[in-house]
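The values are calculated or read from the model by the stated rules, or taken from the named source; none is laboratory data. Only a predicted model underlies this, so the values are computations on that prediction, with no experimental measurement involved. Note that we place each Cβ from the backbone using ideal geometry, even for glycine, and neighbour counts take in every protein chain shown.
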């Protein structure tokens, strides 16, 4: 049975001339695998991720024929049950750790907070779990980091802390919304390796939202390419080179490689795509 | 062992968090002390605290017992500020009155600041109709003159210190609610709020643990600035006979009882008047200085 089933998901925001659809009826299934969603800015990939957690801010509207997570209907679940799911069974890692950690709270306390409302552990057990989870994301000195404030750690470490916070309760599904785009290239690989390691060890489902085709191809089993609110391509990561949709082909063609001598990189021909 | 020296305190690279915190406090205190008016305010407030704390020791006579043989005596070596119509020493009454004033100010601050903070953060956080209802209510309270509103409430509740405190608190919270709401709106959509929501935190938890602490500093500064106003309102209610009841030595009430003799025995009404002016001036000056120190945007150099 698949972990997440989505059929005909639509997200729209009211505009001056009627509603503007940012996600236009997408369907996909996710098992315990690593799925990459790629697409350009505004293609609706982040909105897809947020609507799974039901965190689309008003006045945005989400509709779907079916949106099920492990047999639970996400569309009709009460807010209270939804809160119990978030963090415990599905969680989300966000783009920039600089903004996604509360600046006036110690890192350890911030991670421990999740435990305080999802578990019945006492303060000592909580502390122990937090230190363990910091260790799991390869932080060498968890005791010291526990007491630091977010401004005292680097971006890469911040993102690892964010991941520790999101996986501490070993969720079944983790959504990573551009988890590495705020990080240096050298740190990106490190963070991705840690995520990869956690996913393999705990067997959770992972959705990586990104615009980096290479990265997604390397770390995911399957790839969805989104364009203008629709899924235009769905393939195994290894099959990406044989993509059929002109948008994907265009994207692949515009990627420079080390051993080539093209004077100009090709640009997407948008008139052909019929999009914006 | 670390040594508490100037160099240790202003070290640009503090070794421990304690040193950084101590250094920050030290720099703030020094900035405050460079502002002479703020120092004057601070001295007045500290004086008020000392007087209130040691009132029974400092006061030469009882503030309540009357001595009809010594009615309306002019200021002299025995009675520095003279005596009132019942022969009570005015200095002793002003000294004991400091306690009442301080109590009113603190109680009002303790009641109204949390109420305002709660209303403001809830309105800012939820937005929509919750915001409109709560802010509408706040605007209703804001649009009425403070003293008159307090007057109406005391009239309804009945005169007395407790009711005066409640009435003044009712008139002061809207300001804090507005500040807290504005502050909440600036980080309502911050990523770290979304992050904690994504982990399944309830609205109550987000507001209490993540939003309120961030609104606290601006509210505290505002409360210090408002203290002068609270003192004046309390004195106004006392003057109108709706605050502290006789024989309690409340400054406003003392002025009111001295009004009858203001032409011949000027000291009866004037002395408590001085006390009110000096103390509210002290809170004003200190609040201004504190705001300048705490707000980096005002730092001119």
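With respect to the conditions (1) within 13 Å of chain B (Cβ to nearest Cβ); (2) touching a strand residue (DSSP E or B) at 6+ places or on another chain (Cβ under 7 Å), residue A:88 lacks only one, and its number is (2).
Quick check on this structure: which one of A:226, A:162 is buried (at least 20 other Cβ atoms within 10 Å of the Cβ) and part of a helix (DSSP H, G or I)?
Numbers: A:226 fails: part of a helix (DSSP H, G or I).
Checking each option against the conditions leaves just A:162.
Looking only at residues in segment B:195-213 that are buried (at least 20 other Cβ atoms within 10 Å of the Cβ) and within 9 Å of chain A (Cβ to nearest Cβ), the one that is nearest to residue A:100 (Cα to Cα) is B:195.
Give me the strands (runs of 3 or more DSSP E) completely within segment A:1-78, filtered to those with at least 3 residues that are in contact with a strand residue (DSSP E or B) (Cβ under 9 Å, 6 or more places away or on another chain) and surrounded by 15 or more Cβ atoms within 10 Å (Cβ to Cβ), ordered by residue number.
Details: elements: A:4-15, A:18-30, A:34-39, A:61-63, A:66-69.
Once the strands (runs of 3 or more DSSP E) in segment A:1-78 are filtered for at least 3 residues that are in contact with a strand residue (DSSP E or B) (Cβ under 9 Å, 6 or more places away or on another chain) and surrounded by 15 or more Cβ atoms within 10 Å (Cβ to Cβ), what remains is A:4-15, A:18-30, A:34-39, A:66-69.
Output yes when any residue across segment B:145-160 is more than 14 Å from chain A (Cβ to nearest Cβ), free of Cβ contacts under 8 Å to residues at least 12 places away in the same chain, on the phi < 0 side of the Ramachandran plot and part of a loop (DSSP other than H, G, I, E, B), and no when none is. The answer is yes, given that some residue of segment B:145-160 is more than 14 Å from chain A (Cβ to nearest Cβ), free of Cβ contacts under 8 Å to residues at least 12 places away in the same chain, on the phi < 0 side of the Ramachandran plot and part of a loop (DSSP other than H, G, I, E, B). Run residue B:212 past the list (1) farther than 30 Å from residue A:95 by Cα; (2) at pLDDT 90 or above and report the number of the one that doesn't hold. Among (1) farther than 30 Å from residue A:95 by Cα; (2) at pLDDT 90 or above, residue B:212 violates only (1).
Of all helices (runs of 4 or more DSSP H) completely enclosed by segment B:189-301, which ones contain at least 2 residues that are more than 30 Å from residue B:90 (Cβ to Cβ) and touching a residue at least 60 places away in the same chain (Cβ under 8 Å)?
Qualifying helices (runs of 4 or more DSSP H): B:212-239, B:267-294.
Restricting attention to segment A:146-162, does a residue exist that is under 23 Å from residue A:83 (Cβ atoms), within 10 Å of chain B (Cβ to nearest Cβ) and in contact with a strand residue (DSSP E or B) (Cβ under 6 Å, 6 or more places away or on another chain)?
Just the residues of segment A:146-162 that are under 23 Å from residue A:83 (Cβ atoms), to begin with: A:161-162.
Pick out the ones that are also within 10 Å of chain B (Cβ to nearest Cβ) and you get A:162.
When the remaining residues are screened for being in contact with a strand residue (DSSP E or B) (Cβ under 6 Å, 6 or more places away or on another chain), the result is A:162.
Yes; the residues of segment A:146-162 include at least one that is under 23 Å from residue A:83 (Cβ atoms), within 10 Å of chain B (Cβ to nearest Cβ) and in contact with a strand residue (DSSP E or B) (Cβ under 6 Å, 6 or more places away or on another chain).
Residues of segment A:125-142 include at least one that is surrounded by fewer than 21 Cβ atoms within 10 Å (Cβ to Cβ) and touching a residue at least 60 places away in the same chain (Cβ under 8 Å). Of the residues making up segment A:70-85, at least one is under 19 Å from the mean Cα position of the chain (by Cα), more than 12 Å from chain B (Cβ to nearest Cβ) and touching a residue at least 12 places away in the same chain (Cβ under 8 Å).
Note on segment A:91-109: residues that are crowded, with 24+ Cβ neighbours inside 10 Å and facing chain B (nearest Cβ under 10 Å) total 8. The residues on offer are A:168, A:207, and the sole one that is closer than 25 Å to residue A:9 by Cβ, touching a helix residue (DSSP H, G or I) at 6+ places or on another chain (Cβ under 8 Å) and buried (at least 19 other Cβ atoms within 10 Å of the Cβ) is A:207.
Are any residues in segment A:96-128 in contact with a helix residue (DSSP H, G or I) (Cβ under 6 Å, 6 or more places away or on another chain) and in a helix (DSSP H, G or I), and if so, which ones? Result: A:97, A:99, A:100, A:107, A:108, A:111, A:112, A:115, A:126.
Out of curiosity, is residue B:219 more than 11 Å from chain A (Cβ to nearest Cβ), surrounded by 17 or more Cβ atoms within 10 Å (Cβ to Cβ) and either under 20 Å from residue A:106 (Cβ atoms) or out of contact with any strand residue (DSSP E or B) (no Cβ under 6 Å at 6 or more places or on another chain) (or both)? Spell out how you get there, then give the answer.
Working: more than 11 Å from chain A (Cβ to nearest Cβ): yes; surrounded by 17 or more Cβ atoms within 10 Å (Cβ to Cβ): yes; either under 20 Å from residue A:106 (Cβ atoms) or out of contact with any strand residue (DSSP E or B) (no Cβ under 6 Å at 6 or more places or on another chain) (or both): yes.
Spelling it out, residue B:219 is indeed more than 11 Å from chain A (Cβ to nearest Cβ), surrounded by 17 or more Cβ atoms within 10 Å (Cβ to Cβ) and either under 20 Å from residue A:106 (Cβ atoms) or out of contact with any strand residue (DSSP E or B) (no Cβ under 6 Å at 6 or more places or on another chain) (or both).
Residues in segment A:171-187 that are in contact with a helix residue (DSSP H, G or I) (Cβ under 6 Å, 6 or more places away or on another chain) and away from every other protein chain (no Cβ under 12 Å): A:180, A:183, A:187.
With respect to residue B:116, is the statement that it is in contact (Cβ under 8 Å) with a residue 60 or more places away in the chain and either touching a strand residue (DSSP E or B) at 6+ places or on another chain (Cβ under 8 Å) or crowded, with 22+ Cβ neighbours inside 10 Å (or both) true? Can you show your working first?
Values: in contact (Cβ under 8 Å) with a residue 60 or more places away in the chain: yes; either touching a strand residue (DSSP E or B) at 6+ places or on another chain (Cβ under 8 Å) or crowded, with 22+ Cβ neighbours inside 10 Å (or both): yes.
Considered against the rule, which asks whether it is in contact (Cβ under 8 Å) with a residue 60 or more places away in the chain and either touching a strand residue (DSSP E or B) at 6+ places or on another chain (Cβ under 8 Å) or crowded, with 22+ Cβ neighbours inside 10 Å (or both), residue B:116 comes out as yes.
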